[in-house]
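One structure is given here, and the rest of the page talks about it.
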């Protein structure tokens, strides 16, 4: 995660007297740290763009390399080369993920429609993440972004409060749970979410109109008879 530290281990408990250790980074395999026992060299070095400035630490006992306060610029290939009594090498692939934003959920409905309501879950300025809707533990839909600085939105027809929106990457996630009462629009704008209430309201209006109509008809009949 951005801001964290990562240690690349040599897996040795102690550096031997005749061991030389080199750490290299990137496609060009730029030298960023070295231990040479015989000339007494024990240091770290930066690359031309300065991304490792004050961020590299060498363990003087094991030769392991620690990168502190990581950013996306520190993702990539790192190579360890050990020469001496025995030669060995190791390659590390480092991935650095941005801290995840909290998903934002809003209620929405199509224009000129009062038949259903939608929930929209969104995240902005993200990369290498997946945005998903769940009902309980069941995945309903998802969308992913492989590049940086993307904005993602995912819609869902709202039915009840048993839904959650999750934004995740391989090492962390954020979950937001749905509250229909807070998110759905009034019945006049979003009849789908208020289906039961609207149905009862329409039934009540129909009864009132029906009673009024019968009363008017009876009144007209009585009036007509009196005229006769």
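The values are calculated or read from the model by the stated rules, or taken from the named source; none is laboratory data. Because the structure is a prediction, the values reported are computed rather than measured. We place every Cβ from the backbone using ideal geometry, glycine too, and count neighbours over all the protein chains shown.
For this structure, a couple of remarks:
- Residue 107 fulfils the conditions (1) at pLDDT below 85; (2) in a strand (DSSP E or B); (3) more than 22 Å from residue 175 (Cβ to Cβ) except for a single criterion, (3).
- Screening the candidates 97, 38 for the property of being on the phi < 0 side of the Ramachandran plot and exposed (fewer than 14 other Cβ atoms within 10 Å of the Cβ) yields one hit, 38.
- Restricting attention to segment 133-151, the residues being more than 16 Å from the chain's Cα centre (by Cα) and assigned to a loop (DSSP other than H, G, I, E, B) number 2.
- Screening segment 55-74 for residues that are in a loop (DSSP other than H, G, I, E, B) and within 30 Å of the chain's Cα centre (by Cα) and picking the one that is modelled with the lowest pLDDT gives 71.
- Total residues in segment 49-69, condition in contact with a strand residue (DSSP E or B) (Cβ under 8 Å, 6 or more places away or on another chain) and surrounded by fewer than 11 Cβ atoms within 10 Å (Cβ to Cβ): 1
- Some residue of segment 29-37 being assigned to a strand (DSSP E or B), within 34 Å of the chain's Cα centre (by Cα) and not assigned by TED's automatic domain parsing to the domain that holds residue 129: yes
- Number of positions in segment 129-154 that are touching a residue at least 40 places away in the same chain (Cβ under 8 Å) and surrounded by fewer than 18 Cβ atoms within 10 Å (Cβ to Cβ): 1
- Within segment 110-128, the set of residues being modelled with pLDDT under 80 and surrounded by fewer than 14 Cβ atoms within 10 Å (Cβ to Cβ) comprises 110, 111, 112, 113, 115.
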